[in-house]
Structure formats: structure tokens, C-alpha cells
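Okay, structure first, notes after.
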Amino acid sequence: MEHEINKWRQTPSAVGRLDRIQDSAISNGGKFFDNSPERDAPKEPQVAITLGFDGLTPGPKELNADELQFFMKAFVNDLLKLYNHGILVKTANSPEGVTKMQWFEIWIKGNALRESTEKAPRELDAIHTYLKAFEMPSWVARLPKEVGYPAGGSLTSDEWKAMLLLYCPLVIPIIWKEWGPAAEREYQVKLDKWQKKKGDKPAEPKQRMQPENTDNFLNLATAMKILLVQSISINDIPLAKLQLQNYLRGFQSDPKYPSPSALLFFNYASIFSLNMV
């Protein structure tokens, strides 16, 4: 093992690419990241690792300092175990959180993609029909036959990644083209009725299939296509950042959707040489 670690540490970096932590900006300085023969204890195989925490705190309100300390105690305990004994941490192969938000929170719960009724199929059924037509190699993740329905179950990281990079970029534009006009007519009818009401009005109706939603999703898919690779080209990072910025702006007005703070990912990508696979 020590031989393989040292071989990995001494592999020269490729110019203009972020392949591993040694290619990062932070590795160019600091005693802990020193790989030279002059470092302290040069015979010990010291390997740098990175840890990240991305989560939501419980409760309807933001936690105060004392509550946050209590909430973070479990994470700190795990870090102490890592420092003192070493632990195995299983991580996801892709940032499925943002894909799940787009699929479930925006499209499914927002009724852009609906389940069938007793009388007629709807958008989810059309998606299932298209998915059946895909002929993929065995190593490519296949989505459950009833994805989007409760019977479809939870998706694995590989399935979320395949949904983001492969299936949805092909299928979603077709669904919007086929079902979007009817959804727009439905929205206009509801809006006209709402505008004619007098006195106290309910909330203004919203479009369940917004025309710009497909282009916005493709911004996300493009950004992740660049970043979800074994080796990231530095020249491609500005384009990925631009695409993700465009995606985030599409939801900036709604606090329950992602905020531009997610762009901090690009700082980490260059500082720590992170890739997401």
C-alpha cells in the first residue's frame, strides 16, 4: 500500500487539468501538503483528504448559536473518530441533491409532471414510454419503470446522475413540447378567472409547466456534464460556472430553491482540485 501511495503522490500533474488533490492551489503551500523529500517524516505516507458538509438544519426557524452547537455535535464526534481512529465514509458519486430538487420538488410536487388519471395518461406516463425506448450499455444506470411514482422507489446515486446527464436532457424538452401548450391554455383559463374575481382573492395561479424551465434545466445539465468527470479541464470551468449561474438565477426569486451561494463549489474545485466522480 505504501508503495502505491508514494507512486500516486509522485505522479506529475498535467498542465491545465484538475485530476487530484495534488493539482489544487492549496497543495502548493503549507507544511501538511508538502510532498518534497525535505518534509517532516518523509518516510511516512501522509495523504491529504477533503471533507465537506452540506445539509439543512431542522425546524421552521434558523437555529441560534447554542442550538447549532448541539446539532453539530454528532458531526464533530465523527470527525474526532476520523482523527483518532480513522473511519470509512461512504460518499455519493454525484450531487444528486440538486437533481432530486429539480425532479421532485419542482417538477413532481409542482405538478409539471403528473401521474395518470383513471381516464387518461399524463406527463409521467409519457416519460415512461420514452424511457422504454432507450437501449443502453449494461454499465449505464437504468431508471425504475415507474420513476416519479411512489412505486418507483428511491433512486441510487448512479440513477440520479444518469437522470441528470442522459435521460432528462433528451426526454424533458420533448415532454414540454408535447404537453406545454395544453398546460399554457389551462393556466390562461385559471388566470382569467382569477383576474375577474372581486374582493379577497386567493393566491394568483402559477404555471405548472413554465416554458423557460427546459432551457433552465439544460443549463444545470451542461454544468454538471463538465464537472462530473474524472479529470476537469481548467479551461472548461468558466463555462460550467456560467451555466450554473444561469440555472440558479431561474429560481432566485423563490427562497425554497437554490441560491447563488452554491457557486462556492467552483472555489472548492480550484482550491482543492475536486472532481465529483
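The values are calculated or read from the model by the stated rules, or taken from the named source; none is laboratory data. Computed from a predicted model, the values in this text were never measured in an experiment. When we count neighbours, we look across all protein chains shown, and the Cβ atoms used for this are built from the backbone with ideal geometry, even at glycine.
Points worth noting:
- Residue within the range 205-223 that is part of a helix (DSSP H, G or I), β-branched (Val, Ile, Thr), at pLDDT 90 or above and closer than 30 Å to Ala14 by Cα present: yes
- Look at the range 186-206: where a residue is outside the structural domain of Ala112 (by TED's automatic domain parsing), no partner that is among the aliphatic types (A, V, I, L, M) sits 6+ places away or on another chain with Cβ atoms under 7 Å.
- Listed by position, the helices (runs of 4 or more DSSP H) contained in the range 86-195 that have at least 1 residues being closer than 21 Å to Leu227 by Cβ and under 19 Å from the mean Cα position of the chain (by Cα) are 96-100, 157-162.
- Within the range 196-211, considering residues that are within 25 Å of Gln102 (Cα to Cα) and of a type outside the set (Asp, Glu), the one farthest from the chain's Cα centre (by Cα): Ala203
- Entry remark, the range 101-129: residues being among the hydroxyl-bearing types (Ser, Thr, Tyr) and surrounded by 14 or more Cβ atoms within 10 Å (Cβ to Cβ) number 1 in total.
- Residue count for the range 80-126, restricted to those that are under 17 Å from Tyr247 (Cα atoms) and at pLDDT below 85: 8
- Of all residues in the range 191-234, those being among the basic types (Lys, Arg), closer than 18 Å to Ala112 by Cβ and surrounded by 14 or more Cβ atoms within 10 Å (Cβ to Cβ) number 1.
- A residue that is modelled with pLDDT of 85 or more, buried (at least 18 other Cβ atoms within 10 Å of the Cβ) and within 30 Å of Glu186 (Cα to Cα) occurs nowhere in the range 248-266.
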